[in-house]
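Visitor: This is the structure, below, for whatever I ask next.
Read the figures in this text as sums done on the coordinates, not as results from a lab. From a predicted model like this one, the values you see are computed outputs, not experimental measurements. Heads up, the Cβs are rebuilt from the backbone with ideal geometry, glycines too, and the neighbour counts pull from every protein chain shown.
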Amino acid sequence: MMQPWIAPSILSADFARLGEEVEAVLAAGADIVHFDVMDNHYVPNLTIGPLVCEALRKHGIKAPIDVHLMVKPVDRIIPDFAKAGATWITFHPEASEHVDRTIGLIRDSGCLPGLVFNPATPLNWLDHLIDKVDMILLMSVNPGFGGQSFIPTTLDKLRKVRERIDASGREIRLEVDGGVKADNIGEIARAGADTFVAGSAVFGAPDYRAMISRMREEIAKAGRG
Ligand code: DX5
Ligand code: ZN
């Protein structure tokens with residue numbers, strides 16, 4: 001099991017002070033920055049594009065940026081995010097006409113590719129792709145908004161993906177996204193996740209460091225720290 005990472009989602013940050021907010025959560029102990037891209041086409045919301053990712057890099061953010069593309073089509077925007085400083089680029093297979101080619105495009109652009117599974121998306125995409133990805137992201141909410149409730153059936157899906165990752169023998173990050181809080185992160189870690197997106201739980205907390213530390217304690221108590 002890989003070192004657990006806390007990945008605050010900037011969707012819940014104060015966008016009027018985004019650079020400072022990202023600095024603050026990283027200084028408070030976060031490991032990577034979860035960057036939610038929404039196009040008001042694949043999901044019913046509109047957020048940010050490559051220029052904001054580039055602005056964070058210019059601001060001096062050195063931590064890995066985990067770009068979650070909730071967009072359709074996908075391919076056109078991948079090279080722009082790679083140039084803008086993305087580390088991982090994850091996308092929804094339903095949003096690409098040629099999923100294997102999109103994974104190759106992300107890797108050829110110099111980024112680490114990942115597949116995102118919505119609550120209703122079956123895992124059989126992994127039959128042909130598990131050896132080509134560096135991250136698998138399970139949505140524990142339906143994509144589009146922060147502050148939703150964790151969908152409990154995600155736990156069993158996490159266990160199934162954890163088995164497949166372990167059987168693959170490859171170092172693949174298993175990320176969970178949506179409704180992750182200090183009071184459920186322990187059971188999520190026990191189910192097999194090693195990378196935890198948390199938007200409203202972190203940015204809604206009065207003290208980022210205290211919240212991130214509490215999340216780490218809960219993960220450690222679950223025997224995954
Ligand atoms: C939802 C986004 C999630 C969301 C998580 O479509 O992909 O990253 O921001 O937010 P919380 O942690 O508030 O549920
Ligand atoms: Zn996300």
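Visitor: In terms of Cα to Cα distance under 17 Å, which lysines are near enough to residue 58, apart from those fewer than 8 places away along the same chain?
Guide: Correct list for residue 58: 83.
Visitor: A follow-up question, please. What percent do you get for the relative contact order of the range 185-225 when only Cα pairs under 8 Å and 6+ apart count?
Guide: So the answer I get is 59 percent.
Visitor: Quick one: which residues, 5 or more positions from residue 5 or on another chain, have an amide H under 5 Å from its amide H? H modelled 1.01 Å from N in the peptide plane, none for Pro or chain starts.
Guide: Those qualifying (amide H under 5 Å, at least 5 residues apart or on another chain) are 195, 196.
Visitor: List, in order, the whole-Hz ³J(HN,Hα) value for each residue of the range 10-25 obtained from phi through the Karplus relation with A = 6.51, B = -1.76, C = 1.60 and θ = phi - 60°; use x for Gly and Pro.
Guide: After applying 6.51 cos²θ - 1.76 cosθ + 1.60, I find 6, 3, 9, 7, 7, 5, 6, 9, 4, x, 5, 5, 5, 4, 5, 6 Hz.
Visitor: When DSSP beta bridges are limited to those with both residues in the chain, what percentage is antiparallel, rounded to the nearest 5?
Guide: Close to 5 percent.
Visitor: Next up: Can you spot the lysines whose alpha carbon is less than 23 Å from residue 160's alpha carbon? Ignore those fewer than 8 places along the same chain.
Guide: 132, 181, 221
Visitor: Report, in deg cm²/dmol and to the nearest 500, the calculated mean residue ellipticity at 222 nm for the chain, where each DSSP H run with n ≥ 4 adds -39500 (n - 2.57) and the sum is divided by the residue count. Kindly include the intermediate steps, with their values, before the conclusion.
Guide: Numbers: 9 runs with 79 residues, N = 225.
About -10000 deg cm²/dmol.
Visitor: Which value, in debye to the nearest 20, gives the size of the charge dipole of the chain about its Cα centre, when Lys and Arg are +1 and Asp and Glu are -1 at the Cβ?
Guide: Dipole about the Cα centre, nearest 20: 260 debye.
Visitor: While we're on this one: What is the range 1-127's relative contact order, in percent, from Cα pairs under 8 angstrom and six or more apart in sequence?
Guide: Worked out over the range 1-127, it gives 19 percent.
Visitor: Whole angstrom only: what separates the Cα centroid of the range 76-114 from the Cα centroid of the range 187-210?
Guide: Taking the Cα centre of each part, the range 76-114 and the range 187-210 sit 25 Å apart.
Visitor: Pull up all non-local amide H partners of residue 173: gap of 5 or more, or a different chain, and H-to-H distance under 5 Å with H placed in the peptide plane.
Guide: 135, 136
Visitor: So for 214, 159, fewest C-beta neighbours within 10 Å to most, what's the order?
Guide: With the fewest neighbours first, 214, 159 line up as 159, 214.
Visitor: Please list, or write none, the aspartates and glutamates whose alpha carbon is within less than 20 Å of the alpha carbon of residue 157, excluding same-chain residues fewer than 8 places away.
Guide: Candidates past the 8-residue exclusion: 94, 127, 131, 134, 166, 171, 175, 177, 183, 187, 194.
Visitor: Among 93, 18, 168, pick out the residue whose Cα is farthest towards the positive end of the charge dipole of the chain, where Lys and Arg carry +1 and Asp and Glu carry -1 on C-beta, about the Cα centre.
Guide: Result: 168.
Visitor: Relative contact order for the chain using alpha-carbon pairs under 8 Å, separation at least 6, rounded to a whole percent?
Guide: Across the chain, relative contact order equals 21 percent.
Visitor: If you don't mind, there's one more thing I want to ask. For the chain, modelled as a GNM with alpha-carbon contacts under 10 angstrom, which of 197, 176, 133 fluctuates the most?
Guide: Looking only at 197, 176, 133, the largest GNM fluctuation is found for 133.
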